[in-house]
Amino acid sequence: MSTQSETGILIYTPEGSFKKNIATEYPEVHSILHVQEGADEYLYTTVQKGTPKENWLFVKMKIDGTVVQKITAPPQAGFKAPNEWRLTAAVPGPDGIFIANGYGDSRIFHFDKNGEYRRAWAGKGTTDGLFDCCHGLAVDTRYDQPLLLVCDRENRRLCHLDFDGKFVGTITQHLRRPCQVSFHGDFAVVSELEGRVTILDKDNAPVAFLGDNPHKAQWAKYQLRPTEIAPTWFSAAHGCHVDQQANIYVSDWNQTGRVTRLVRNNV
C-alpha cells in the first residue's frame, strides 16, 4: 500500500513496515489508485503540489515512481485562475481517463488514453447531475452496466453516472461527507471525513459502521495529532482501500496522518 507524504509516496508492507519512498518530486499527492493494464501496473495519482511549480495535475506512473504521463488543466475548460483547476481523483474508464475537479468547479473531465481532452460535464450545485466537491471517483462494476460512482462530498451522497456523463441516480444519501470508495464483491466501503467508515451492500444500504467517532469535536479536524485519536475511532477518514483478503485500510487526515488496517474477522 502507499500513502501521501512530504517525501513523496511512502511504500509499506501490508503489516506496516516501511520499505521505501518514490515520486519524491511530488510532495503532495491527493489520491492514488493502483491500475492493472494488461501485464503492466501503474499508479494513477492526482497531485496537489510538485517540484518545481507543477501543481494540480494528474500523473500516471509506474509502481517504481517513473512518470509515464501527465495531464494539466485543458485550455478548453476556460479557466481564468489557477485555483479553478484543483483535481481530487482519477480513474481509468473503458475509453480513457476520468478526472474529478473536486476542489475546483466540481466538473468531471474526460480525456482519452493519450491525455487528449474530450469533454467535461456536471459542475457545482445540489440538483441531480451536479456536485458540491466531487471528491472521489470509482468504477462500479457491481451491476450489469459498469458506472462511474461519484463521492459527492458536501452534498453528502453517492451518485452514479454513465461513461457519457449522463446522471443515472443518487444511490445513497445522508452520509458524513464521503471522500472515497473501494469495493469488495457486492460491498462498497466508503470513507467519510466526519469520523466514520460505512459499508454498503449491493442495494447501497448500510450494513456496518466502522470507527464511528462519538466525539463530534474531532470530526474533520486537521489540527489533531494521531495520539489524540483513539485507535478504534477515526477523526477524518479521507481514503480507503480493500485488499483481496477483504482487509480494509483507512487513511486519517490529520497533522501527520494515520493509516489503520482493519483485518477481516472470519469467525
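The values are calculated or read from the model by the stated rules, or taken from the named source; none is laboratory data. What you see is a predicted model, and the numbers here were worked out from it, not measured in a lab. All Cβ positions, glycine included, derive from the backbone under ideal geometry; neighbour counts span all protein chains shown.
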Region 75-126, subset part of a loop (DSSP other than H, G, I, E, B) and among the polar types (S, T, N, Q), residue farthest from Lys60 (Cα to Cα)
Thr126
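Considering region 153-173 alone, what residues qualify as being among the basic types (Lys, Arg) and in a loop (DSSP other than H, G, I, E, B)?
Matches in region 153-173: Arg156, Lys166.
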Pairs only if they're at least six apart or on different chains, beta carbon under 6 angstrom, first in region 136-149 and β-branched (Val, Ile, Thr), second modelled with pLDDT of 95 or more and not in a loop (DSSP other than H, G, I, E, B); list them, first residue then second.
Val139/Val91
If the requirement is being in contact (Cβ under 8 Å) with a residue 24 or more places away in the chain and among the small types (Gly, Ala, Ser), which of these qualifies: Gly102, Gly78?
Gly102
Would you say Gly129 is part of a loop (DSSP other than H, G, I, E, B) and in contact with a Phe, Trp or Tyr (Cβ under 6 Å, 6 or more places away or on another chain)?
yes
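Among the residues of region 36-53, are any within 24 Å of Gly239 (Cβ to Cβ) and in a loop (DSSP other than H, G, I, E, B)? Break it down stepwise before answering.
Quick first cut of region 36-53, residues within 24 Å of Gly239 (Cβ to Cβ) only: 36-37, 40-51.
From the residues that got through so far, the ones that are in a loop (DSSP other than H, G, I, E, B) too are 50-51.
Within region 36-53, one or more residues are within 24 Å of Gly239 (Cβ to Cβ) and in a loop (DSSP other than H, G, I, E, B).
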Any idea which of (1) aliphatic (A, V, I, L, M); (2) closer than 23 Å to Ser182 by Cα; (3) surrounded by 15 or more Cβ atoms within 10 Å (Cβ to Cβ) is the one Ala39 doesn't satisfy?
(3)
Assess whether Val91 counts as being of a type outside the set (Gly, Ala, Ser), within 20 Å of Phe163 (Cβ to Cβ), surrounded by 15 or more Cβ atoms within 10 Å (Cβ to Cβ) and touching a strand residue (DSSP E or B) at 6+ places or on another chain (Cβ under 7 Å).
yes
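Out of region 174-228, which residues are of a type in the set (Gly, Ala, Ser), in a loop (DSSP other than H, G, I, E, B) and more than 20 Å from the chain's Cα centre (by Cα)?
Ala205 - this is the single residue of region 174-228 that is of a type in the set (Gly, Ala, Ser), in a loop (DSSP other than H, G, I, E, B) and more than 20 Å from the chain's Cα centre (by Cα).
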Answer residue from region 218-267, given it is among the acidic types (Asp, Glu) and within 18 Å of Gly16 (Cβ to Cβ) and is surrounded by the most Cβ atoms within 10 Å (Cβ to Cβ) among those:
Asp252
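Here is a yes/no grid of residues against (1) over 24 Å from Pro92 (Cβ atoms); (2) at pLDDT 95 or above; (3) not charged (D, E, K, R):
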{"position": "Asp162", "(1), (2), (3)": "no, yes, no"}
{"position": "Gly169", "(1), (2), (3)": "no, yes, yes"}
{"position": "Gln173", "(1), (2), (3)": "yes, yes, yes"}
{"position": "Arg176", "(1), (2), (3)": "yes, yes, no"}
{"position": "Cys179", "(1), (2), (3)": "no, yes, yes"}
{"position": "Phe183", "(1), (2), (3)": "no, yes, yes"}
{"position": "Glu192", "(1), (2), (3)": "yes, yes, no"}
Yes or no: region 198-217 includes at least one residue that is of a type outside the set (Phe, Trp, Tyr), on the phi > 0 side of the Ramachandran plot and out of contact with any Cys (no Cβ under 8 Å at 6 or more places or on another chain).
yes
For the structure I just gave you, tell me whether Lys49 is of a type in the set (D, E, K, R), surrounded by 12 or more Cβ atoms within 10 Å (Cβ to Cβ) and within 12 Å of Ile99 (Cβ to Cβ).
no
Which residues, counting only those in region 229-261, are part of a strand (DSSP E or B) and among the polar types (S, T, N, Q)?
Ser251, Thr260
Residue check: is Lys53 of a type in the set (D, E, K, R) and either without any contact (Cβ under 8 Å) to a residue 12 or more places away in the chain or touching a Ser or Thr at 6+ places or on another chain (Cβ under 8 Å) (or both)?
yes
Of the residues that make up region 220-232, is at least one at positive phi and in contact (Cβ under 8 Å) with a residue 40 or more places away in the chain?
yes
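Is it true that Val207 is in contact with a Ser or Thr (Cβ under 6 Å, 6 or more places away or on another chain) and either surrounded by fewer than 22 Cβ atoms within 10 Å (Cβ to Cβ) or not basic (Lys, Arg) (or both)?
Taking the combined requirement at face value, the residue does not satisfy it.
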